[in-house]
Every structure is written in structure tokens, then in C-alpha cells.
Amino acid sequence: MWGYLSLLPVFLAVWAAASIWTVFAIAVANRTVNLTEGVPYISLCGSYPPQSCIFGQLLNMGAAMAAWICILRYHQLRDWGVKKWLNQVILWSGLLCALGTSVVGNFQQKNQQATHLTGAFFAFFVGHVYFWLQLLLSWKMKKSLPQPGTPWLRPLRLVLCSLCTILMVTMVILHTSCRRSAAAVCEWAVAMLLFALFGLLAVDFSELHSCSLCLQPGPGLSLAPASPVAPETQSSSQLF
């Protein structure tokens, strides 16, 4: 039975895709990008107001959801018996992807190009490493690790991750060759593939029905004992 947590990856995928295409539509509508000159980069569409403000806000919310998903996935893999160091590497790669997404939205390309490109590196390159690590983990531990969903799900993830790698390498080559329009097409395709990979985590989260926060006091902290005074007496004393 699918719990409500399985809706989070799907919502993130839809949210992220709708965000970048909305910014693209606004940029085309107010003519801050010119399609006759070629396909623009995602960052170029979000570089000019008013869509730059929308771009930043939407990506910040998407980054927060991505970080939440990565933390939930970390605890799920921990409960499945994944080694701590490997699980932490996977977690941090996912969190860096979320951080990079936020940086991309907050530091526009035309204002802070170096910072923007650093965020793009984390969002795209480190983000796709996040899914490669999980895919390799599922192949290595396929006998001991639970495999929710249908058997073709793992090959599908392999295809999507492979396409991400091929398209990112192609994007870099095309960009350095000054074929910016073709490189931008690759960038849009990579973004959609990453959104799809996040959305597929809904299958893994179908095993989760709820989550709870547990706070543990430190070794030097002792909880105050409960007052022996009855609640009725406390209420009366507070009134006077």
C-alpha cells in the first residue's frame, strides 16, 4: 500500500518541471530570450526580472523538497542495512544537489556567474552521481536489499542515468565548441531526466507509511521530574 510519503517525489518532479517551463514561457512572452537565435539555457531564462524572482523562489522550494527526500532516503537505506559510510556519501551527494539547485536560483548567471556555475555543477553533475550511487548499490546488494516495484524499474533507472551521463558530456563538448543552442537542448533534457529519477523514488517510498521525529537528550541533560501537584491544583494556583 502506498503511503503519503510516496507522493513527495512525484510532487517534486511535477513541481520542478512546471517551474522551469513556467520561467521559460515568461521569458519568451516578455522577449528577454529570442528563440530565433536558438534554444536558451535554463539559467538564461531565469536571469532577468520578473521571472528571475519566480525562478529563485520556485527553485528554493524545490531544493527544500529534494533535501527532505534525500534525508528520508538516507533513513530508509539505513534501516535496510546499508553501510554507514556509503549511505552518508549518498546522502551528502543528494544534499549538495539540493544546495546547488538553490544557489542556481538565487545567484543569476548575469550577476554572479562563478557562483551560479558552481551551483549548476552541484545540481547537475553531483545530482546525477546521487542516482548512480543508488543504482550501483541496488545492483551490488540486489539479494539483500529490498527492491520495491516491478523488475524493470532497475533497468529503467540504468537507462535514465546513462542518458544523463551521455547528455552532460555532450553538453560540455557542445558548449566549449560554441554550439550553445545544441548544448542548451542537452541541458533541458538532463534536467527532465533528473526530475524523472527523483519521481521514481516514489516506488521506493511506497514502503514508507509514516515518519516521526525523535529527540534524544544529551548525556549531561536530565529531564525535570514531573510535578507531584495535581493538574487541578496547578490550575488553581495559577489563577491566583
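Just a few scattered comments:
- For beta carbons closer than 9 Å, sequence separation of 6+ or different chains, a first residue in the range 152-166 that is without any contact (Cβ under 8 Å) to a residue 40 or more places away in the chain and a second that is open to solvent by 70 Å² or more (accessible area, probe 1.4 Å), the qualifying pairs are R154/W139; R154/K142; R154/Q147; L158/W139.
- Residue selected from the range 1-37 under the condition open to solvent by less than 20 Å² (accessible area, probe 1.4 Å) and touching a Ser or Thr at 6+ places or on another chain (Cβ under 7 Å), by the criterion modelled with the highest pLDDT: S6
- Scanning the range 141-152 for residues that are open to solvent by 50 Å² or more (accessible area, probe 1.4 Å), out of contact with any Gly (no Cβ under 6 Å at 6 or more places or on another chain), on the phi < 0 side of the Ramachandran plot and part of a helix (DSSP H, G or I) turns up nothing.
- Residues that are part of a loop (DSSP other than H, G, I, E, B), among the polar types (S, T, N, Q) and open to solvent by 40 Å² or more (accessible area, probe 1.4 Å), drawn from the range 80-135: Q109, N111, Q112
- Only residues that are more than 30 Å from F24 (Cβ to Cβ) and polar (S, T, N, Q) were counted across the range 54-88, and they come to 3.
- Residues satisfying the criterion are present in the range 40-48 (criterion: open to solvent by 20 Å² or more (accessible area, probe 1.4 Å), part of a helix (DSSP H, G or I) and either touching a helix residue (DSSP H, G or I) at 6+ places or on another chain (Cβ under 8 Å) or among the small types (G, A, S) (or both)).
The values are calculated or read from the model by the stated rules, or taken from the named source; none is laboratory data. Predicted, not measured: the structure shown is a model, and the values here were computed from it. Cβ: placed from backbone, ideal geometry, glycine included. Neighbour counts: every protein chain shown. Heads up: the accessible areas ignore ligands, DNA and RNA and are worked out on the full protein's heavy atoms, side chains in. Shrake-Rupley method; radii C 1.70, N 1.55, O 1.52, S 1.80 Å.
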